[in-house]
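A.B. asks: Below: one structure in structure tokens.
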Amino acid sequence: MAIKQPDIDISFKQRASSFVERSARGNVILILKDDTDKTFSTKEYKLITDVEADSTKYTSDNLQYIKDCMEGTPNKVIVVRIDTIKTITDALNIVATLSTGWISTVGEKADYDTISTWTKQIRTQKKTFKSTVCDTTTAPNCEGVVDLFKTKVTFKDNRGEQDSQKIIPTILGLLAGANVTKGTTYLEVPNLASVVEPADVDAEIAKGKMVLVNDEGTVKIALGINSLTTFTTDKTEDLAFVEIVEAQDLMFDDIRKTFKSDFISKYKNKYDNQVIFLSAVNSYLKDLAKTDVLDSEYENKSSINVELQRAAWIAAGYPEAQNWDETKVKNMSFKRQMFLSGQVKILFSVCDLKFDINMM
């Protein structure tokens, strides 16, 4: 039998090689209230022709919202349909059964409050859903929630001037279709002719608002940020940027999925096997550095979280673990759990240019 790499290494190499491409193929999850056709609760669309083929299943407004999602060329648009008498919570119960994606609806303040709260809660469960909201009662202050500044926008088609909630499907498509190497700052919103800008763009950005601006006949995203405005040692200012969170979430999903498919139930939980997994993760991180997702000048690495593993043994009734040295802790794997940590530096796309010109 030929000697070959462990499957876990192969899985990570495949994921690393397709990382940038996959980051530009995110999913849109669009919640629609529609009684036109009650025979389904979810539909998936990859092509605009598929949407048009289902035109009789939706109201004209909802059909347009689905088409708007296609503006950003996402991987696919998943429509979650609920009856008009039902609530956004009913729709989110369906969304929770899906893998991940950018979620929203064209709705009211209460709808966006619900979506914002749900997104924050589900991200604490290590799910990487993200959402776009507008005019929430309380600022989301979350790296997984984009808070669109409430204003008036003018469409290029016969819709004319509308409230900014109507552009949310387009924003979802743009966010899902933007890859981690180019980001969303100054990304054009192709179906808008103009937007009413806030009096102070920078002030709104400081509040965690995603602001649209006019730029030489086009409308663009002023800065690709989410609503995070409170920063800690765990959630630094970098996490206020959509492209950074997108890269972080995709890395987390890759590691989690590979762990579930190639490691759980296939390896005993001992130090030597943990090293196999860590080595595979570290090779994956090196491959991401080669594609400029991570900074190749930085030591991107994963390792055993010694202090968490020590704390687990102490909590389990082994106070002597307090005096174990680092090597002892690493060798003392804890029951069925692996305590790992990682440290990476995700690269930003260029968005600022500063230079001096001296003219003689």
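A.B. asks: Please work out which residue is nearest to Tyr267 (Cα to Cα), limiting yourself to the range 298-341 and to residues that are touching a residue at least 24 places away in the same chain (Cβ under 8 Å) and charged (D, E, K, R).
C.D. replies: Arg336
A.B. asks: What residue, among those in the range 178-219 that are in contact with a Ser or Thr (Cβ under 8 Å, 6 or more places away or on another chain) and small (Gly, Ala, Ser), is surrounded by the most Cβ atoms within 10 Å (Cβ to Cβ)?
C.D. replies: This residue is Ala178.
Let's see how each residue does on (1) closer than 24 Å to Val344 by Cα; (2) among the hydrophobic types (A, V, I, L, M, F, W, C); (3) exposed (fewer than 13 other Cβ atoms within 10 Å of the Cβ):
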site	(1), (2), (3)
Met251	yes, yes, no
Lys266	no, no, yes
Tyr284	yes, no, no
Glu307	yes, no, yes
Ile314	no, yes, no
Tyr318	no, no, no
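A.B. asks: Another question, then. Hey, can you tell me all the residues within the range 21-56 that are hydrophobic (A, V, I, L, M, F, W, C) and touching a residue at least 60 places away in the same chain (Cβ under 8 Å)?
C.D. replies: Within the range 21-56, Ala24, Val28, Ile29, Leu30, Ile31, Leu32 qualify.
A.B. asks: How many residues does the range 88-117 hold that are assigned to a helix (DSSP H, G or I), within 17 Å of Leu32 (Cβ to Cβ) and of a type outside the set (Ser, Thr, Tyr)?
C.D. replies: Final tally of qualifying residues: 10.
A.B. asks: If I ask for residues that are assigned to a helix (DSSP H, G or I) and either free of Cβ contacts under 8 Å to residues at least 24 places away in the same chain or of a type outside the set (A, V, I, L, M, F, W, C) (or both), which ones from the range 118-136 would you list?
C.D. replies: Selection gives Thr119, Lys120, Gln121, Arg123.
A.B. asks: Let me ask something else. Just for the range 164-185: of the residues that are over 13 Å from the mean Cα position of the chain (by Cα) and at pLDDT 95 or above, which one is farthest from Phe241 (Cα to Cα)?
C.D. replies: Filtering first and then ranking leaves Lys166.
A.B. asks: Scan the range 246-282 for residues that are among the polar types (S, T, N, Q) and touching a helix residue (DSSP H, G or I) at 6+ places or on another chain (Cβ under 6 Å) and report the count.
C.D. replies: 1
A.B. asks: Select from the range 267-299 the residues that are under 19 Å from Phe339 (Cβ atoms) and not in a helix (DSSP H, G or I) and list them in ascending order.
C.D. replies: Tyr267, Lys268, Asn269, Lys270, listed by residue number.
A.B. asks: Kindly provide the set of residues from the range 220-239 that are in contact with an Asp or Glu (Cβ under 7 Å, 6 or more places away or on another chain), hydrophobic (A, V, I, L, M, F, W, C) and surrounded by 14 or more Cβ atoms within 10 Å (Cβ to Cβ), ordered by number.
C.D. replies: Residues satisfying the conditions are Leu228, Leu239.
A.B. asks: When Thr132 is evaluated against the numbered criteria (1) surrounded by fewer than 24 Cβ atoms within 10 Å (Cβ to Cβ); (2) in contact with a helix residue (DSSP H, G or I) (Cβ under 8 Å, 6 or more places away or on another chain); (3) hydroxyl-bearing (Ser, Thr, Tyr), which criterion, by number, is the only one it fails?
C.D. replies: (1)
A.B. asks: If we keep just the residues of the range 103-118 that are surrounded by fewer than 24 Cβ atoms within 10 Å (Cβ to Cβ) and under 21 Å from the mean Cα position of the chain (by Cα), which is nearest to Tyr65 (Cα to Cα)?
C.D. replies: Val106
A.B. asks: Here's something else I'd like to know. Could you pull out the residue among Thr100, Thr87 that is assigned by TED's automatic domain parsing to the domain that holds Thr184, modelled with pLDDT under 95 and β-branched (Val, Ile, Thr)?
C.D. replies: Thr100
A.B. asks: Continuing with the same structure: Just give me the residues in the range 245-275 being of a type in the set (A, V, I, L, M) and at pLDDT 90 or above, in sequence order.
C.D. replies: Val245, Val275
A.B. asks: Checking the structure you have, find out if any residue of the range 211-219 is assigned to a loop (DSSP other than H, G, I, E, B), farther than 22 Å from Leu294 by Cα, touching a residue at least 60 places away in the same chain (Cβ under 8 Å) and among the aliphatic types (A, V, I, L, M).
C.D. replies: yes
A.B. asks: State all residues of the range 68-115 that are in contact (Cβ under 8 Å) with a residue 40 or more places away in the chain, of a type in the set (S, T, N, Q) and under 30 Å from Val219 (Cα atoms); if no residue qualifies, say none.
C.D. replies: Matches in the range 68-115: Thr73, Asn75, Thr100, Ser104, Thr105.
The values are calculated or read from the model by the stated rules, or taken from the named source; none is laboratory data. Everything numeric here is computed off the predicted structure, so don't read it as measured data. Cβ sites come from the backbone with ideal geometry, for glycine too, and all protein chains shown count toward neighbours.
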